[in-house]
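The values are calculated or read from the model by the stated rules, or taken from the named source; none is laboratory data. All figures in this text were calculated on a predicted structure; none of them were measured in a lab. Ideal geometry is used to build each Cβ from the backbone, glycine not excepted, and the neighbour counts take in all protein chains shown. Calculation scope for accessible area: heavy atoms of the full protein, side chains included, ligands and nucleic acids excluded. Shrake-Rupley method; radii C 1.70, N 1.55, O 1.52, S 1.80 Å.
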Amino acid sequence: MPQTIAKQVELLKRGTVEVFTEAELAQKLTDAAKDGRQLRIKLGLDPTSPDIHLGHTVVLRKMRQFQDLGHKAVLIIGDYTARIGDPTGQNSTRPILSPEQIEQNAKTYFDQAGKILDTSEEKLEIRYNSEWLAKLTLIELIQIAAKKTVAQMLQRDTFKKRLAADIDVYTHEFLYPLMQGYDSVMVASDVELGGTDQTFNNLVGRDIQKAYDQGPQIVITMPILVGLDGVEKMSKSKGNYIGVTDEPNDMFGKVMSISDEMMENYFTLLTDESTEKIAELIDPDKTHPKQAKVLLGKTIVTQFQGQAAADAAAAHFDQVFARKQLPDEIPEVQVAAEPIMAAKLLLACKLVATGGEAKRMIKQGGATIDGQKLTDPNAEITPANEMIIRVGKRKFAKLVVS
């Protein structure tokens, strides 16, 4: 039995910021099911750099969900709009790329996007927007520009900020969202996906489609993936990125470097774990942060490199990093596979003499599990095989779960 429309909408809403509008999305899905046709799901990528990082995959994963529901992804390589330059939330104009740079960058996009998308002919259509934009005459460009007012264009947040800061906004920058909207007309887009930094551009597409007597596309915006620094969005130029072509060991190690607070964002946007499971994984009373992060790292590496590579990367990380300061021989302690309070676990491992000493060591920051400092004596720990408990500088125990 196919999923009900309500279930499809719920799936497609997962991890999104906004849907313009949910009611229209439900109607388009309903109409497509009745007519037996595929919705056309548009995503535009300007080849401004040759590599895709995990930040790009957030939107690609949403596109794959549409494909899995039977619809067609329309991936537009913005080889022409890349020559204009989009502000993309910055306070200056993006440098305009040469045709040679654009062509070189675009070559790698297909293989990298194909790690996530269904690349079969029935599910994926790839277009270059130079197909239609390069053929526009001046009068046709003027007609497109006539669809929006200057006041409407100045509603874009980046333009507002630059004007307020007395930073120039150039006329050609108004053309970018207009051209992106015209792309939607030319491919008859039903749904356009994008990050929150593309909300204005994608909504312009709805207006341009209406002006050309097309039904307006649904716009779905996705959150921006936080980079490794935990502050800025993931970006190659900022050096806080994980590339989809990174070596497995590098990819896994980078995931392990993120803060515990970032795990919810990564689990939600980069994995298929359910909301309920994610809540359990990020709750330190239910799952040790190290265990959750290892699962996250292995899941991400598996997506791009396979299960064997993920297992090897996890083992490499454990050997090189997690155990680099451990003694060669560590006493093994058998424990039950049941949650136990942190203080009681130290006592069970005979690393402390009394429960009071256990609580004191934890509160003073003198106890760790797999390198992660314990802070709450009453926190419930779920024992795992080979979990390393350390108290002070010289007391260690390796758990053996029975």
- [ ] Return the FRET efficiency for the residue pair Leu154, Gln319: r is the Cβ-Cβ distance, R0 is 45 Å, and the value is rounded to the nearest 0.05.
- [x] 0.20
Task: Surface share of carbon and sulfur [accessible, 1.4 angstrom probe, percent] for the stretch 220-293 - done: 46
Task: Loop-resident sites, the stretch 93-151, for GluC sites (Glu not before Pro), counting at most 16 other Cβ within 10 Å (DSSP) - done: Glu121, Glu122
- [ ] Please give the net charge around Asp229, taking every other residue with its beta carbon less than 12 angstrom from that of Asp229, where Lys and Arg add +1 and Asp and Glu add -1.
- [x] +2
Open item on the list: Using a probe radius of 1.4 Å on heavy atoms only, what accessible surface per residue do you get for the chain? Whole Å² is fine.
Closed with: 49
TODO: May I have the extent of the alpha carbons of the chain along their three principal axes, as whole Å values ordered from largest to smallest?
DONE: 86, 54, 36
Open item on the list: Out of the total accessible area of the stretch 309-402 (probe 1.4 Å, heavy atoms of protein only), what percent is carbon and sulfur?
Closed with: 48
Open item on the list: Only four residue types carry charge here, +1 at the Cβ of Lys and Arg and -1 at the Cβ of Asp and Glu. Report the dipole size of the chain about the Cα centre in Debye, rounded to the nearest 20.
Closed with: 860
TODO: Using the structure shown, list the pairs from Lys286/Lys398; Lys277/Lys344; Lys277/Lys363; Lys290/Lys395 with a Cα-Cα distance above 22 Å, or answer none.
DONE: Lys277/Lys344; Lys277/Lys363
TODO: Express the carbon and sulfur contribution to the solvent-accessible surface of the stretch 101-215 as a percent, rounded to the nearest whole number, probe 1.4 angstrom.
DONE: 53
TODO: May I ask for the net charge around Arg64, where only other residues with Cβ less than 11 Å from the Cβ of Arg64 are counted and Lys, Arg are +1 while Asp, Glu are -1?
DONE: +1
- [ ] May I have the extent of the alpha carbons of the stretch 134-178 along their three principal axes, as whole Å values ordered from largest to smallest?
- [x] 36, 17, 12
Task: Alpha carbon Rg of the stretch 195-276, scaled by the compact-globule rule 2.2 N^0.38 Å - done: 1.45
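Taking a 21 Å limit on the Cα-Cα distance, which of the listed pairs Lys148/Lys210; Lys62/Lys254; Lys42/Lys123; Lys107/Lys233 fall beyond it?
Long pairs (Cα-Cα over 21 Å): Lys62/Lys254; Lys107/Lys233.
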- [ ] For an R0 of 51 angstrom, estimate the FRET efficiency from the Cβ-Cβ distance between Asp260 and Met186 and round to the nearest 0.05.
- [x] 0.65
